[in-house]
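Only the coordinates and a few stated rules stand behind these numbers; no lab work does. Model, not experiment: these values are computed from the prediction. Please note: Cβ atoms are built from the backbone with ideal geometry, for glycine as well, and neighbour counts cover all protein chains shown.
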Amino acid sequence: MFRLVGLGGLAALWVAGVPLRAADYAGVDLRIPIAAQEGGSLEAVMVLPLGGGRHPLVILSHGSPREARDRPGMSARGMMPQLVAFARRGFVAVSVLRRGYGTSVGPWAEGSGPCEKADYARSARAGAADIRTAIAFMTRRDDVDITRIVAVGQSAGGFATVALTADPPSGLVAAISFAGGRGSRPPDSVCDEDALVRAFGTFGRRSHVPMLWIYTENDRYFGPALARRFRAAFQDSGGQVSFVAAPAFGSDGHALFSAPNGRDIWMPIVEAFLVRQGLHLPAVRPSTPSSLKPPKSLGAAGQAAFGTYLDSPGSRAFAVSATGGYGWRTGRVSALEARDGALANCARATGTICRLHAVDDAYVVDP
C-alpha cells in the first residue's frame, strides 16, 4: 500500500488545486488474476477512502492508442487524477488496464479485424470481459458495497463499458461512457462506421443498466453526427441512455475525460447522473489556493512553467539549478517519485546538479 502523503506529513496528492488530507486516502497497486491465462494478471491501481465501512465501487477503463506500439507504455496510474476525484466522493476507485496494455497479460484481445469488415461487437465484449474480471476481484473486498457498482470508460473503454451493460455483473447500477467508440485511425475517420453503429444497436437490445454518454462537439475520433447515430441505434434497440452533447473542448474534445481542466466540465454532469441513480455523494471540501511562490531566479518562461506545476494533479516537485534552469515532475503517486523525477529532469535540461525548490505545496528551500 502507498499512502497519498508528502514530506513533513503534508498532503501529496492534489486534484485541480484541491488538497487532500493524507489521513483520508490510501492507494494500492494491484495485480488482478485473470482466468483466461494461467498465472496472468491485469495491472491496476486503487484509491480508496480510509476510515472503515463499505463504499460504492467505480471501475475506470482506458481508451486505446491509435498506434499499437504505444500500448506497452500505458500505466494504470495514468488515471490517478480521475481516481482521486471519485475517491473524494466516497468511492473505492480502481483503474485497470485490459489485456495487452501496459504490464497486463497479453496478447491484446480487442482486435476487430480488417477495416472494411470490422467486428466491433467482438472487440467490445473482449474489453468488457476484463472489466468484469476486475469487478469480480474487487467485490471480494470487505470495504466494497457489492450492491453499488459503477463502470466508467473512455473511448474504447467507454465502448467496452457499453458492452458490459448488455451482460452486466451483479450490482452494476450505472455506467458512464466518455466518447465511447472504436476504429478511429486518422482523425475524423472511422473504419466501417455502419458496423460500429450496428454494434451499439446490438448492445442496446440487452442493456438495461442506466447509462450516461458524454461526447463533445469537436471530438476528432467520433464526431457529433456519428455519436448521434450511436445513440439512436442504442435507444431504438431498447437501451437506456442519458446523452450529453458537451461544447467543444480544446483542440480535440476526445480528451475531455483525461485533461486536467476537463473535470470542471464533466464532474457536475456525472454527479447529477449518479444522484439520480440513488448514489448520494458526500460533500467535497472547497479548494485552497496555493501560497507557493516561484524561485526568484526564474525568468518569464520559468515562472509560467511554475504556474503549470501548481495547477498539475498528483504528487509533484519543482527543482532549480544555480544558473536559473529548472525542471519539474507532476502526476506521481508519491512525493519521493516526484522529487526524483524533478531532479532528473532539471539535471537533464541544464547539465548541472539541481536542488529542490518545492515538493507538493511545501518549500524545500527558502524562496
Task: Of the trypsin sites (Lys or Arg not before Pro) in region 131-167, those whose Cβ has at most 13 other Cβ within 10 Å and which sit in DSSP loop - done: R140
Open item on the list: Please list, short to long, the whole-number percent of alpha-carbon pairs of region 163-290 in consecutive 5 angstrom bins beginning at zero.
Closed with: 2, 10, 19, 20, 19, 15, 8, 3, 2, 1, 0
Task: Electrostatic dipole magnitude of the chain [Cβ: Lys, Arg +1; Asp, Glu -1; Cα centre; debye, to 20] - done: 280 debye
Open item on the list: Ignoring everything except DSSP H segments at least 4 long, calculate the 222 nm mean residue ellipticity for the chain; use -39,500 (n - 2.57) per segment, divide by total residues, nearest 500.
Closed with: -9000 deg cm²/dmol
Open item on the list: Need one number: nm distance between label points at A300 and R205, each 7 Å from Cα along Cα→Cβ, rounded to one decimal.
Closed with: 6.3 nm
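Please identify every one of the trypsin sites (Lys or Arg not before Pro) in region 43-88 that sits in a loop by DSSP and has no more than 12 other beta carbons within 10 Å of its own beta carbon. List each step's numbers first, then the result.
Numbers: sites: R54, R66, R69, R77, R88; in loops: R54, R66, R88.
Answer in residue order: R66.
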Task: Calculated SAXS-style log₁₀ I(q)/I(0) at q = 0.11, 0.17, 0.21, 0.22 Å⁻¹ - region 300-363, Debye, Cα scatterers - done: -0.19, -0.47, -0.71, -0.78
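What whole-number value in cubic angstrom gives the convex hull volume per residue for the C-alpha atoms of region 134-227? Mind dumping the intermediate values first?
On the way: hull volume 9.1 nm³, N = 94.
Output value, Cα hull per residue: 97 Å³.
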Open item on the list: Could you check the spin-label model distance between D167 and I353? Points 7 Å from the Cα along Cα→Cβ, value in nm.
Closed with: 6.0 nm
Task: Distance between region 84-109 and region 164-206 - C-alpha centres, whole angstrom - done: 19 Å
Open item on the list: For the chain, what does the relative contact order come out to in percent, with C-alpha contacts under 8 Å and a separation of six or more?
Closed with: 16 percent
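Give the percent of DSSP beta bridges with both residues in the chain that are antiparallel, rounded to the nearest 5. Mind showing how you got there, number by number?
Working: 31 of 58 bridges.
Bridges in the chain that DSSP calls antiparallel: roughly 55 percent.
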Task: Theoretical FRET efficiency, 1/(1+(r/R0)^6), r = Cβ-Cβ of S189 and Q235, R0 30 Å, to 0.05 - done: 0.75
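For region 54-154, what Kirkwood radius comes out of the mean inverse Cα-Cα distance, in Å? All intermediate terms of the calculation are to be shown ahead of the outcome.
Details: mean 1/r = 0.0690 Å⁻¹.
Result for region 54-154 stands at 14.5 Å.
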- [ ] Would you mind telling me which residue in A344, A85, A199 has the biggest mean-square fluctuation in a Gaussian network model of the chain, where springs connect alpha carbons within a distance under 10 angstrom?
- [x] A344
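Would you mind working out the magnitude of the charge dipole of region 300-363 relative to its Cα centre, with +1 at each Lys and Arg C-beta and -1 at each Asp and Glu C-beta, to the nearest 20 Debye? Present the calculation step by step, with values, prior to reporting the outcome.
Working: 6 positive and 5 negative charges, 36 e Å.
My answer is approximately 180 debye.
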TODO: Please name which of S291, P186, A233 has its Cα lying farthest along the dipole of the chain towards the positive end, using unit charges on Cβ (Lys, Arg +1; Asp, Glu -1) and the Cα centre as origin.
DONE: S291
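What number, in percent, do you get for the relative contact order of region 300-363 if the mean sequence gap of Cα pairs under 8 Å and at least 6 apart is divided by its residue count?
Working: 128 pairs, mean separation 21.0, N = 64.
It rounds to 33 percent for region 300-363.
Taking GluC sites (Glu not before Pro) as exposed when DSSP calls them loop (any state but H, G, I, E, B) and at most 10 other Cβ atoms lie within 10 Å, what is the longest stretch of the chain free of them, the sites themselves excluded?
Numbers: sites that count: E38, E67.
The answer is 68-367.
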